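First up is the structure itself, then whatever we jot down about it.
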Amino acid sequence: MDNVFIERLWRSMKYECVYLHAFETGSELRDGLARWVGFYNTSPPHSAFAGQTPDEVYFQAAKRPHPGHVPDAVSSIPLAA
């Protein structure tokens, strides 16, 4: 089950980018894939993310402190000696 998400990503990449374009060189392929990944992360809302884009979900999660990490506001308070 844990592979299903990455397999879906590779399938989408192949059918939406690689198979539709006749890339002739490795650098053309790299540039085309970079454009597709940028589009994939920013443009279409995904049903798995309740209509949000992957970037929106990622950056919301990045703002929340992780368990065991001290938030920046707390870490700037000097400790009593």
Would a scan of region 50-71 turn up a residue that is of a type in the set (Lys, Arg) and modelled with pLDDT of 90 or more?
-> no
Residue selected from region 2-44 under the condition over 19 Å from ASP55 (Cα atoms), aliphatic (A, V, I, L, M) and in a helix (DSSP H, G or I), by the criterion modelled with the lowest pLDDT | VAL4
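One line per residue, one yes/no per condition, for (1) closer than 26 Å to VAL57 by Cβ; (2) surrounded by 10 or more Cβ atoms within 10 Å (Cβ to Cβ):
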| residue | (1), (2) |
| --- | --- |
| ASP2 | yes, no |
| ILE6 | yes, no |
| LEU9 | yes, yes |
| MET13 | yes, yes |
| LEU20 | no, yes |
| GLU24 | no, no |
| GLU28 | no, yes |
| ARG35 | yes, yes |
| TYR40 | yes, yes |
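The values are calculated or read from the model by the stated rules, or taken from the named source; none is laboratory data. Predicted model, so just to flag it, every value in this text is computed and none were measured. FYI the Cβ positions are ideal-geometry reconstructions off the backbone, even for glycines, and counts take in every protein chain you see.
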